[in-house]
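A short write-up of the structure that comes next.
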């Protein structure tokens, strides 16, 4: 397997679905209650408020994201023979406009890989989530490097950016459910990513330096897929 001596390995405990769903219900109720309050205010005042509507839209998106993330954890895997390079290419096409809008260059290096039995939709969700985090961390005028490699029975996907990076206190918690540093984040995206990869006996590691960037390393075993 790839050497990880300088990569920060995030520990991971078995997901407690009962506790997670309680937290999602709690967070969803808070978001919907806030939306209801803003709507009631506008109805009472009989006036349009663009700022309130933007908050309502953001909270609805956040709630839907939490529910979609839980659905992704709870639903059964649909494994098929999958070309990981095709998954990467499809996600790169999907985010191409976002990259262009933020003047972010994509440095892509895809090596020959064997097919692997995985749920293609879930793997694409993992890639999309991590790359979107990279885009948000860069803001503008940056580079995202994506590479694939087959080594010692493992498919290795590396996603690296030159964004804002993170310190150890954030890395320690980055995969915790409902932990987020974003004002409108759900704190479920990376948690779900870790769970998906662990379901395939794989691993996600990272290294990050504040103000310099972050590198995610995803490893998936081929033989046990």
Q: Looking only at region 109-131, decide whether some residue is modelled with pLDDT under 95 and at positive phi.
A: no
Q.
Looking only at region 81-108, count every residue that is at pLDDT below 90 and within 23 Å of residue 194 (Cα to Cα) and tell me the total.
A. 2
**Q.** Selection from region 83-132 of residues that are surrounded by 18 or more Cβ atoms within 10 Å (Cβ to Cβ) and part of a strand (DSSP E or B)
**A.** 116, 118
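The values are calculated or read from the model by the stated rules, or taken from the named source; none is laboratory data. Fair warning: this is a prediction, and the values are worked out from it, not measured in the lab. Note that each Cβ is placed from the backbone with ideal geometry, even for glycine, and that neighbours are counted across all protein chains shown.
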